[in-house]
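Beneath this line is the structure, given in structure tokens, with notes to follow.
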Amino acid sequence: MRKRIGDLTRRDLLKLFGVGVGASLAGQVASPRKVRAAQGSRVTPRGSARNCIVIQNGGAPSPWETFDFKETKWTADDLDIQRVNSEVVLSKTLFPRAHETWAPRASFVRSMRGGALVHFPAQYHQQAGRALNTAIVREVPALGSVVASELDSERRESDTFPTFVSLDLWNIRCAPLGSGMLHPRFAGLDLNTTSVFDAFGGDGPESNSKLAERWEALNRWSEVSNPGGNDRFGPKNEEYQASYDYGIEVLLDPRFKTALNLTDEEKTRYGVDVDGGNTKLGLGMLLARNLLAADAGTRMLWVANGYNGRNGVFDNHSGLYKRGVPASAQAQPIYTSVPRFDLAFSALVEDLLAMPGHEPGKTMLDETLIVVTQEFGRTPEMNSAGGRDHFGPLFTNVFLGGGVQEGRVIGKTDGTGENLIETGWQHREQPMMDHVTSTIYSALGIDYSKVFEDTPSGRVFELQQTAPLGGPAFIPRTEIHELFV
């Protein structure tokens with residue numbers, strides 16, 4: 001009778017696969033062992049949210065048609081501009097549902113400053129919460145990994161889902177950053193909405209049994225093929241292993257199959273049926289909702305709006321107002337891309353409002369900070385191809401839920417969007433993604449003034465830098481208080 005791999009001894013496996021012992025490669029990136037508060041900092045984290053969802057609009061939408069509307073000689077005449085409040089107007093054509101769902105509940109930071117003018121470093125800045133520094137890039141964790149590490153002590157025995165889960169970051173110019181110098185188990189799990197339902201949405205205990213058996217066989221094989229431990233294959237191996245370990249634990253939890261169980265009605269509400277991209281924004285937001293509803297440990301979610309990959313759906317250097325662009329294009333004109341966002345986002349906000357939170361009397365939206373983030377802005381003037389190019393001085397991010405006051409507008413731009421009139425907060429410097437990151441940390445109860453010492457490079461690692469290499473001369477260490485008070 002033929003033996004299963006799980007029944008073979010280690011000696012049998014060695015004979016079967018002819019495995020030898022190889023040389024060890026460089027050691028792992030060590031986790032920092034000393035943590036202190038930054039000198040002179042007195043930070044009391046806000047703790048106004050239990051969860052956070054970041055929605056990354058890949059490619060950077062033009063603020064002047066969307067979140068900081070400006071009517072100029074280039075503006076199309078069919079946008080149907082309607083007022084949300086005294087300082088906010090939105091196009092009903094582009095945002096057909098915003099006025100009745102998320103827009104009255106949102107606050108806008110219109111004085112944002114970009115940290116880079118090229119997609120990859122700008123998207124890196126979004127994920128890491130700091131400017132790209134190639135000297136230490138290997139040890140810098142994603143902000144979601146920092147959240148997972150800081151909230152690790154709050155995990156329960158029943159929590160099988162990773163604290164940090166991203167959706168479709170694989171399909172954006174800057175792929176998932178990983179855990180850097182932190183333990184690999186904080187790297188998070190990036191789900192691919194193109195394949196996750198087909199690969200793991202099967203029903204019945206039989207599929208789980210076969211999955212468990214194959215996982216056992218794989219681990220037995222790893223045991224004999226890697227006798228020297230993770231050092232044999234280099235520093236990334238442990239991170240891969242942590243992702244696999246998380247993956248199998250999640251897949252064997254019946255709550256994950258429940259999270260993948262979506263109705264046709266839900267998909268229609270989130271616009272999945274009209275989304276032509278390789279990755280579906282509506283599926284990403286639906287999964288984010290369901291992972292929170294599962295209450296299985298996930299509290300930090302990142303939804304990448306990548307569409308067909310590369311720079312992102314909003315990279316409109318040409319044809320901003322064009323119609324009829326093929327679904328295979330990397331960027332879509334705003335008549336397609338913005339309603340696609342609005343449909344999915346409106347449904348998400350509606351559902352979080354209807355879901356009970358952990359605390360009595362609170363909704364899931366009350367307990368979830370939502371951040372809609374762009375990597376930079378777009379030029380106030382149209383170029384000769386009917387598009388807008390990269391613009392770092394000004395853009396807008398959107399915040400709601402998680403203790404954010406409704407209807408706030410922080411910062412003011414002039415009538416063309418070219419010049420900043422006021423920053424709108426207590427500092428003369430403009431807010432940057434560094435401050436958005438500190439706002440997320442603070443809302444989740446994390447002290448953003450923490451400094452990690454004894455890092456692999458020997459440099460201290462600040463959760464929020466004040467004088468980054470390659471960045472501006474000074475960045476105030478602060479959250480964006482004005483969103484909450």
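Only the coordinates and a few stated rules stand behind these numbers; no lab work does. Because the structure is a prediction, the values reported are computed rather than measured. Backbone-built Cβ (ideal geometry, glycine too); neighbour counts: all protein chains shown.
Charge tally around residue 415: other residues with Cβ under 10 Å, Lys/Arg +1 each, Asp/Glu -1 each, net -2. Placing pseudo-labels 7 Å out from each Cα toward the beta carbon at residue 265 and residue 293 gives an inter-label distance of 1.2 nm. A Cβ-based charge dipole, computed about the Cα centre of region 42-100 with Lys and Arg at +1 and Asp and Glu at -1, lands at about 520 debye. Computed from the mean reciprocal separation of all distinct C-alpha pairs, what Kirkwood hydrodynamic radius does region 121-163 have, in Å? About 11.8 Å for region 121-163. Taking each residue as 0.36 nm, the span from residue 457 to residue 87 lengthens on full extension beyond its C-alpha to C-alpha distance by 128.5 nm.
Assuming charge only on the beta carbon of Lys and Arg (+1) and of Asp and Glu (-1), the dipole of region 244-327 about its Cα centre is about 340 debye to the nearest 20.
Across region 260-412, the relative contact order, built from alpha-carbon pairs under 8 Å that are at least six residues apart, equals 19 percent. Estimated at 0.36 nm per residue, the fully extended path between residue 418 and residue 466 surpasses their Cα-Cα distance by 14.6 nm. Our analysis of region 31-164 gives Rg over Rh at 1.05, with the two radii drawn from alpha carbon positions and Rh computed by the Kirkwood formula. The orientation-averaged shadow of the Cα convex hull for region 352-485, equal to a quarter of the hull surface, comes to 11.8 nm². Selection among 301, 361, 393 by position relative to the dipole of region 290-395 gives 393 as farthest towards the positive end (Cβ unit charges, Cα centre).
Taking each of 92/362; 34/362; 267/412; 362/450; 92/280 in turn, the alpha-carbon distance tops 28 angstrom for 92/362; 34/362; 267/412; 362/450. Charges were assigned to the Cβ only: +1 to each Lys and Arg, -1 to each Asp and Glu. The resulting dipole of region 105-161 about its Cα centre is roughly 440 debye. The residues packed around residue 327, meaning those with a beta-carbon under 15 Å from its beta-carbon, carry a net charge of +3 if Lys and Arg are +1 and Asp and Glu are -1. Summing +1 for each Lys or Arg and -1 for each Asp or Glu among the other residues whose beta-carbon sits under 9 angstrom from that of residue 193 gives 0.
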